[in-house]
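Report on the following structure.
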Amino acid sequence: MPSTPSPFRPVLLVFAGLMAALMLSAAASYGLSGTSGTVVSLFFATVKLALIFAFFMKLREQAGLVRLFAMAGFFWLAIAGVLIAADYATRG
Amino acid sequence: MSAFGASIYALIDGALPSASRVSPSFDALFLALLLTCGTVVIGLAVVILIFLVRYRAGSPAPRPPLRIPPWKLETTWITATTLVFLVFFGWGAAIYARMAEVPDGAMMIEIVGRQWMWDARHGDGRREFAELHVPVNQPIRLRLTSEDVIHSFAVPAFRLKNDAVPGKRVDTWFEATKPGRYPIYCDQYCGTKHSEMNGFVVVETAERFAAWQARAGTGSDAATRGRALSVRYGCAGCHSGDTVVRAPRLEGIAGRPVPIENGQIVMADDAYLRDSILLPNQHVAAGYAAVMPSYACVVPEGDLLDLVAYIKSLAQEQPARPAP
Amino acid sequence: MNADDIPGSVDTRVLNYLNRDYSLRSWLSTRDHKRIALLYLATITFFFAIAAVAAALMRIELLTPQGDLVVSDIYNRLFTLHGVLMVWFFLIPSIPAVLGNFVLPLMLGARDVAFPRLNLASWYIFVAGALLALYAIVAGGVDTGWTFYTPYSSTYSNGNVMAMAGGVFIAGFSSIATGLNFIVTIHQLRAPGLTWFRLPLFVWSLYATSLILVLATPVLAITLLLIMLERFLGVGVFDPKLGGDPLLFQHLFWFYSHPAVYIMILPGMGVVSELIACFARKRIFGYRVVAIASLAIAILGFLVWGHHMFVSSQSVYAGVVFSLLSFLVSVPSAIKVFNWTATLHRGSIRFDAPFLYALGFLALFTIGGLTGLFLATLAVDVHLHDTYFVIAHFHYIMVGGMVMAYMGGLHYWWPKITGRIYHDWAARVAAVTIFCGFNLTFFPQFILGYLGMPRRFHIYPPEFQALNVISTIGAGILGIGYLLPLIYLGWSLFRGAKAGANPWGATGLEWTTPSPPPEHNFDVTPVVTTEAYNYPEGTE
Amino acid sequence: MKAEGTRVESPYVDAAQRALAQQLGMWAFIATEVLLFGGLFIAYAVYRVHYPDAFADGSRRLDFWIGTINTAVLLASSLAMAIADIAVRRDRRRLLSGCLAMTWLLGALFLVLKGYEYHQKFVEHLIPGPHFAPAGGPAAPEQLFFVLYFAMTGLHAVHMVIGLGVIAWLFVLSRRGRLGPASPGRVELAGLYWHFVDCVWVFLYPLLYLIR
């Protein structure tokens, strides 16, 4: 075991990345407000989501079909979001 | 039995009058759709029947393989269908856009839907229930709202329909082209007596409409009713000069820019006045504390219209004191 | 333990999924997709009957313009009951959960669906939801209409909205379970050689349907949950008095409920493809186009919900966008009709009862689809919206389309399901009766709608009476038409002639196994080497 | 065999096919969950854009520190779950049950903190309804924020409770030595669910707590 790299190294590194993103996001919320604050905090949330999906949920090593399934939900949510936004953004 | 006979007559006669500025263009489009779709249905039925007879099992008809490549047929009917559909889309959208654009100089009537009646308020303060008198050949702007649930103001003779949504005020319009009496329905299910929430639009010539106005009397106008309501709801308690709780004066506010708490300036239009009653802490006038409670559950939609009319009637009076 | 052991069976009686165990317990704990299909069949037939009685009462009420049979409150409860039960407890599970459950693994050459336990669970969840909905009805009913529009449903209605919404909410999870099961089954359990473009079109349509079930149903679930929360707390996100927007409810509701229309019609299209291919003895014309059209409908179907809101005061621009997309989604449907018609060309057509139902579908679905164009056209919809025109339109799709296809499919696979053959002429008479009764019921409603009669009207102006009377007479004929199958199908269970493995001479793996199929469907896993509908073409 | 009435339990050819089928099923389920929460996120977005001030005000009434600590707690429990998944494949049984216990405890800690926060909201009259009366008067549509707050965190908490049940069951199985490299499927699927629920919180945290 000691000679080979620990199998837990990748997930521990990912966890470190997650905590870093959390701290940056919390700190940024003190400096930023309004739209810029929202954009920055959502950016960090997306980073966390990507890390969890890719490593903890092992999407990186999955077959293409599984990845397609994983994206489907977000794609359909985007459909709902975009068309509803199209209504609200153009209301008189 | 007589009603039964009348309904058959109505069918033959064409029971749906065409009585507004947009209805002829609607009817042309409807007819085009009907002819196109009718042709398709009958054409398909004929083709299917021919196939059924000719190619029934055991019939002697020859069945050689098809000579046209299938993809040619597929592309042909995909393209043809799409093109026909796009024509109807564009045609319908063009009329719809015209229906959405209220012409200048339209006469404003506010319509409040409530369970289960239509309440119409004319610009001069006249109110009508379940009836709406309008002059012929005069564009009418309808401002629809509701006091409770969603209703839908529908006049089939005008090809007119729009939902009346609580918390919103939506404009639509029509211009009647033939004097007469045309039914109004509520088309959006709104509770127990949904099917009894009916009424009539009475379209009259200009002279007869003037006569109706004279006959109906002036009634108290919206602003006068609003003044009484402002006392009843206690608005005057805070919003007049000599009170303990300081609040902006109502005189001279309407139609002017108002500085608000966060340094922005907003225009005190109808929407602002309305929101200030319902959601007072959304835009607090600069220099005042956010102490006004929301009247959202207190003031019904009809009263709200009157209150706004009252505040607007004060627009020309002495301007509000500058914020200390 | 594998399929090879089965031929060694010494039992003289031929064991199949029906006769291997008769106990109630064996039914209620079964994981066999065929038995679960029959559990669904019994359940939804029951709900169809209740909802049909409600419809009959409404039609009788509408014989006269006055509200003289029932009072308005009862009438409103009747149409809500009819809508909720028909949509969620009959139409949505009908073809997928009954015919799909039974036939899908057989068509794929699989032993079962991918998750048999989940399949059984979906039926129990369905029954739980149905019981809650029944409770809501028995305890006084609900008067919101099946659309649950806020703020009426959340604040003003005095019906059991909580229980009814809860019932639909729960039943939604059974939809999701079924859809998920089908998707994985189709991906993973196809027999060797059964490539995607060798699949029967019914499988394609079930795949498209399952996509919608999995991706749309959760949005309905959360929307109903928000309504329940609003009723529970007394305040909520759709409440205009709080600054909420009732139109947001409509957006979320129709994001589910418009695709739900395709949940109801897509499997019907799949069944009809099977029927037309079998009884015209021809491969479906433009097989690939029809297959891909199913997927196109499933995906485009998510983009068009706003056409339910043209007069709701959503933005004019959104209306234009939704209208354009609605026209686009009707293209693949139209293409399918053309392809079915072309399939008949130079076929060798037999007029067995299932095919008559398929023809009925073709006629009624075409009318239903074309009247949909009227409603997709912005200006025309303003006049027709929320009138009887809409009622007629969607009944032509749902009843004329879906129920016809369901009946056709049921008649087609009945010998496979039960091992018995029903009386063919009785079935033909029923098909013709249903077709005539249906048109007599619903065609006058197009005219009523054009004349302006609003939907959900209990009392109506007297000039609409004649057409309403015709419609009610038609409903009587339609009702008789629906009773006939109960009689001759029931009779066939006991007296019907034994069906062979393949009574129609059809292609497809489900016809290669005995009727009724053995418990594991196939003695030997089949290997597929040909395309679907491999009928000898040309001369006969 | 036939006479005993046994049946072939599995419709699959082999374990690999079964594993892929379960993966697909779980990911399809997660797609469903994305849209379930998605409905709430859309409602949130619509009102957030309409009433930015009320939402900022509502957010200021939430406890920033509890929110942040809870995020860290959940991320840590996800880490424990990820390690458990590696442990089961390498047959490190003690590590496996230890990690499952850790995941469970951190999840439970999250719920305890959440419960404390709900209690605070109750004390501060922030529960929507007739008794909604925040100190200093609410910005008018602020109840909308709190309805959404309770709906979103409540639905998330329900998912957490289900997840805790699943993990407790896995823990029992692992103590009995029933989980091993031969069938890593259960831990893997439970892990997918748990990580996804974590992801939902990752978005709830900035949307509810970090608006200024």
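The values are calculated or read from the model by the stated rules, or taken from the named source; none is laboratory data. From a predicted model like this one, the values you see are computed outputs, not experimental measurements. Methodologically, a virtual Cβ is constructed for each residue, glycine included, from the backbone with ideal geometry; neighbour enumeration extends over all protein chains shown. All accessible areas refer to the heavy atoms of the entire protein, side chains included, with ligands and DNA or RNA removed. Shrake-Rupley method; radii C 1.70, N 1.55, O 1.52, S 1.80 Å.
Would you list C:I477, C:I367 from the most to the least accessible area, probe 1.4 Å? Present the calculation step by step, with values, prior to reporting the outcome.
Details: C:I477 60, C:I367 35 Å².
Order by accessible area, largest first: C:I477, C:I367.
I'd like the accessible area for D:V172: 1.4 Å probe, protein heavy atoms, all chains in place, Å² to the nearest 10.
60
Rounded to the nearest 100 Å², what is the sum over both chains of accessible area buried where D meets A, with a probe of 1.4 Å?
Chains D and A together bury approximately 3700 Å².
With every protein chain left in place, what is the accessible area of A:V47 in Å² (1.4 Å probe, nearest 10)?
Ignoring ligands and nucleic acids, A:V47 comes out at about 50 Å².
Would you mind calculating the gained length between C:W196 and C:V138 on full extension (0.36 nm times residue separation, minus the Cα-Cα distance), in nm to one decimal?
16.2 nm
In what order, largest first, do B:I48, B:I140, C:I480, C:I299 sit by accessible area if the probe radius is 1.4 Å?
Details: B:I48 25, B:I140 0, C:I480 100, C:I299 65 Å².
Order by accessible area, largest first: C:I480, C:I299, B:I48, B:I140.
Suppose accessible area is computed on protein heavy atoms with a 1.4 Å probe; arrange C:W504, B:W118, C:W425 from highest to lowest.
C:W425, C:W504, B:W118
Taking the Cα centre of each part, how many Å lie between the range D:175-212 and the range B:71-133?
Comparing the Cα centres of the range D:175-212 and the range B:71-133, I get a distance of 50 Å.
Between the helical axis of B:2-13 and the dominant principal axis of chain B, each derived from Cα atoms, what acute angle in degrees is found, rounded to the nearest 10?
Taking the Cα atoms of chain B, the angle to B:2-13 is about 70 degrees.
Taking 0.36 nm per intervening residue step and subtracting the Cα-Cα distance, what contour gain separates B:C297 from B:M107 on full extension?
Length gained between B:C297 and B:M107: 65.4 nm.
From the cross-link list B:K161/B:K193; C:K282/C:K498; B:K168/D:K121, which pairs have alpha carbons spaced over 22 Å apart?
C:K282/C:K498; B:K168/D:K121
Could you point to the residue in B:C186, A:G73, A:T35 farthest towards the positive end of the protein assembly as shown's charge dipole, with +1 and -1 charges on the Cβ of Lys/Arg and Asp/Glu respectively?
The one lying farthest along the dipole's positive direction is A:G73.
222 nm [θ] for the protein assembly as shown, helices only, -39500 (n - 2.57) per DSSP H run of 4+, per residue, to 500?
-20000 deg cm²/dmol
I'd like to know which of C:L451, C:L106, A:T46 lies farthest towards the positive end of the charge dipole of the protein assembly as shown, counting +1 on Cβ of Lys and Arg and -1 on Cβ of Asp and Glu.
It is C:L106, whose Cα lies furthest towards the positive end.
For the charge dipole of the protein assembly as shown, defined by +1 on Lys and Arg C-beta atoms and -1 on Asp and Glu C-beta atoms about the Cα centroid, which residue among B:A106, C:L375, D:I30 has the Cα displaced farthest towards the positive pole?
The residue sitting farthest along the positive end of the dipole is D:I30.
Order of A:22-35, C:143-156, D:40-53, C:15-28 by packing, highest average Cβ count within 10 Å first? Before the final figure, lay out each step's value.
Values: A:22-35: 15.3, C:143-156: 23.6, D:40-53: 19.8, C:15-28: 13.1.
Going from most to least packed, we get C:143-156, D:40-53, A:22-35, C:15-28.
For the range A:1-61, what's the relative contact order in percent, using C-alpha pairs closer than 8 Å and at least 6 residues apart?
Reported relative contact order: 36 percent.
How large is the dipole of chain B about the Cα centre if only Lys and Arg carry +1 and Asp and Glu carry -1, each at its Cβ, rounded to the nearest 20 debye?
I would put it at about 1020 debye.
Starting at the first residue of the range C:232-248, write each ³J(HN,Hα) from the Karplus equation 6.51 cos²θ - 1.76 cosθ + 1.60 with θ = phi - 60°, in whole Hz, x for Gly and Pro.
6, 7, x, 9, x, 6, 9, 7, x, 5, 9, x, x, 10, x, 5, 4
Would you list which aspartates and glutamates come within 18 Å of C:K34, measuring only between C-alpha atoms, while excluding same-chain residues fewer than 8 positions from it?
Leaving aside aspartates and glutamates fewer than 8 places away in the same chain, those within reach of C:K34 are C:D21, C:D112, C:E510, C:E519, C:D523, D:E9.
Quick check: the distance between the Cα centres of the range D:93-156 and the range C:68-96, to the nearest angstrom?
38
Estimate the FRET efficiency between C:L28 and D:R89 by the formula 1/(1 + (r/R0)^6), using the beta-carbon distance for r and 45 Å for R0, to the nearest 0.05.
It comes out at approximately 0.75.
Using only Cα atoms and rounding to the nearest 10 degrees, what angle (0 to 90) does helix C:353-376 make with the longest principal axis of chain C?
Between helix and principal axis, roughly 30 degrees.
Relative contact order of the range C:406-488, please, whole-number percent, based on alpha carbon pairs below 8 angstrom and at least 6 residues apart.
On the way: 68 pairs, mean separation 36.9, N = 83.
It rounds to 44 percent for the range C:406-488.
In nm, give the distance between the simple-model label positions of B:E196 and C:W425, each being 7 Å from the Cα along the Cα-to-Cβ direction.
Distance between the two pseudo-spin positions: 5.4 nm.
Given a Förster distance of 51 Å, report the FRET efficiency between D:V13 and B:T36 from their Cβ-Cβ distance, rounded to the nearest 0.05.
Values: r = 53 Å, r/R0 = 1.04.
About 0.45, to the nearest 0.05.
With only Lys, Arg, Asp and Glu charged, each at its Cβ (+1 for the first two, -1 for the last two), find how big the charge dipole of the protein assembly as shown is about the Cα centre; round to the nearest 20 debye.
It works out to roughly 2800 debye.
Could you report the protein assembly as shown's accessible area per residue, 1.4 Å probe, as an integer in Å²?
Result: 37 Å² per residue.
Which distance in nm do the two modelled labels at C:R231 and A:M71 give, with both placed 7 Å along the Cα-to-Cβ direction?
Inter-label distance under the simple model: 4.1 nm.
Ignoring any ligand, DNA or RNA, what whole percent of the accessible area of the protein assembly as shown comes from carbon and sulfur when the probe is 1.4 angstrom?
Of all accessible area on the protein assembly as shown, carbon and sulfur atoms account for 67 percent.
Cα gyration tensor of chain C, axes a ≥ b ≥ c as square roots of the eigenvalues: rounded (a/c below 1.5), prolate (a/b > b/c) or oblate?
prolate
Near the amide H of C:T387, under 5 Å away, which other amide H atoms are found, from residues 5 or more places off or on another chain, if H is placed in the peptide plane?
C:R455
For the range D:156-198, run through the trypsin sites (Lys or Arg not before Pro) and keep only the ones in DSSP coil with at most 14 other Cβ atoms within 10 Å of their Cβ.
Passing sites in the range D:156-198 are D:R176, D:R178.
Counting other C-beta atoms within 10 Å, and keeping those with at most 13, which DSSP coil trypsin sites (Lys or Arg not before Pro) do you find in the range B:14-101? Provide the component values of the computation, followed by the final result.
Details: sites: B:R21, B:R54, B:R56, B:R67, B:K72, B:R98; in loops: B:R21, B:R67.
Those that pass, being in a loop and sparsely packed, are B:R67.
For the pair A:A89/C:I74, report the inter-label distance in nm, with labels modelled 7 Å from Cα in the Cβ direction.
5.2
Between B:W71 and A:A20, what is the FRET efficiency for a Förster distance of 60 Å, r being their Cβ-Cβ separation, to the nearest 0.05?
Here the calculated transfer efficiency is 0.60.
Between rounded, prolate and oblate, where does the protein assembly as shown land on the alpha carbon gyration tensor, with a ≥ b ≥ c its root eigenvalues, rounded for a/c under 1.5, else prolate if a/b exceeds b/c?
Oblate, since a/c reaches 1.5 and b/c is not below a/b.
Take the alpha carbon atoms of the range C:275-292, find their center, do the same for the range C:341-401, and report the distance between the two centers in whole angstrom.
19
Taking Cα pairs under 8 Å and at least six residues apart, what relative contact order does the range B:222-313 come out at, in percent?
38
Which GluC sites (Glu not before Pro) in the range B:77-157 sit in a loop by DSSP (not H, G, I, E or B) and have at most 12 other Cβ atoms within 10 Å of their own Cβ?
Filter output for the range B:77-157: B:E101.
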